[in-house]
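First comes the structure, then the notes that go with it.
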Amino acid sequence: MESRIILASSSPRRIEIMKNAGIEPTIMPSLADESLPYEVSMEQAVMFLALKKALNVEKAWRNSPAFDNVPTVIIAADTIVYKDGMIGKPDSLEDAVNTLKRLRNTSHYVATGVAFVGPGAPKRTVFYDVTEVFFKDYSDEDILRYVATDEPWDKAGGYAIQGAWGEYVSHIHGNYDNVIGFPWAAIQSELRQHWPEIQI
């Protein structure tokens, strides 16, 4: 039977990972407010926000004229960097520079929460993945060159491991795709185990 995957994101990185796996998702970016209502752990934060995004897109999809009875799953994800506190996307040049100085010559954690929601059904799956990332001892000049590019601005922690900043990554403990913001192996495993009606 035909099935559909709706990706609640316009992230080029997440779209590319799915297309490389032979999947052409329907793209419906979430418009959910991404604030947290109270102090939570990094794992709770990314799962809460991923589910919030998925439910926002579920509501939009159910009100869409394209809504039908084809087996569908909405996939949403949220990624944060954690180093003595949660670090999101930089909101200024100064913030980007200070974040990369803070992460220099040490390790930090990247957590991604993923939520699956079946439109019109009470079916929900929410999980997370965590990777520890180790940075080299780069210079202030390296930071300034990097933040002068477009790369840091829509990335948690102000860097892209798959981009130019990758040369300053010493090594990682965990899943590389999770650092990009979409732990595809875990996503496939969860879909196959709990959502057999979805073709992947």
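A short reminder: the numbers here are calculations on the coordinates, not readings from a lab. Remember, predicted model here, so these are calculated numbers, not experimental data. Cβ coordinates were reconstructed from backbone atoms using ideal geometry, including for glycine residues, and neighbour counts include every protein chain displayed.
Ser3's amide H: which non-local residues (gap 5+, or another chain) put their own amide H closer than 5 Å, with H modeled 1.01 Å from N in plane and none for Pro or chain starts?
The list, which skips near neighbours in sequence, is Gln199.
With Cβ to Cβ distances under 11 Å as the rule, what net charge do the other residues near Asn175 carry (K, R +1; D, E -1)? Let's see the in-between values first.
On the way: positive: none; negative: Asp129, Glu132, Asp177.
Overall, the nearby charge balance is -3.
Assuming a viscosity of 1.306 mPa s and a temperature of 10 °C, what translational diffusion coefficient in µm² per second does Stokes-Einstein assign to the stretch 36-115, Rh being the Kirkwood radius over Cα pairs? Let's see the in-between values first.
On the way: Rh = 14.7 Å.
After rounding, the answer is 108 µm²/s.
To test your reading of the geometry: what angle, between 0 and 90 degrees and rounded to tens, separates the Cα axis of helix 42-62 from the longest principal axis of the chain?
40
Which net charge results for the neighbourhood of Lys155, defined as the other residues with beta-carbon distances under 10 angstrom from its beta-carbon, given Lys and Arg at +1 and Asp and Glu at -1? Can you show the working numbers first?
Numbers: positive: Arg13, Lys89; negative: Glu151, Asp154.
Charge balance in the 10 Å sphere: 0.
How much of the calculated P(r) for the stretch 98-200 lies past 20 Å, in percent of all Cα pairs?
On the way: 2448 of 5253 pairs.
The calculated P(r) of the stretch 98-200 puts 47 percent of pairs beyond 20 Å.
Taking each pair of distinct Cα atoms in the stretch 160-200 once, what is the resulting Kirkwood hydrodynamic radius in Å?
On the way: mean 1/r = 0.0843 Å⁻¹.
So the Kirkwood estimate lands at 11.9 Å.
Calculated from DSSP H runs of 4 or more alone, at -39500 (n - 2.57) each and per residue, what is the 222 nm mean residue ellipticity of the chain, nearest 500? Working shown, then result.
Values: 6 runs with 65 residues, N = 200.
After summing the helix terms and dividing by the residues of the chain, the value is -10000 deg cm²/dmol.
In the structure shown, do any of Lys83/Lys123; Lys53/Lys136; Lys52/Lys136; Lys19/Lys59 have a Cα-Cα gap over 30 Å, and if so which?
Details: Lys83/Lys123 34 Å; Lys53/Lys136 34 Å; Lys52/Lys136 35 Å; Lys19/Lys59 25 Å.
Table pairs above 30 Å Cα-Cα are Lys83/Lys123; Lys53/Lys136; Lys52/Lys136.
Of all beta bridges DSSP finds with both residues in the chain, what is the antiparallel percent, to the nearest 5? Write out the running numbers ahead of the final one.
Numbers: 26 of 32 bridges.
Bridges in the chain are about 80 percent antiparallel.
Just going by the charge dipole of the stretch 32-161, with Lys and Arg at +1 and Asp and Glu at -1 on Cβ, which of Leu49, Gly157, Ser92 is farthest out on the positive end?
Projecting each Cα onto the dipole axis, the largest value belongs to Leu49.
Which one, (i) 16.9; (ii) 17.5; (iii) 26.5, gives Kirkwood radius over Cα pairs in Å as derived from the coordinates shown?
It is the value labelled (ii).
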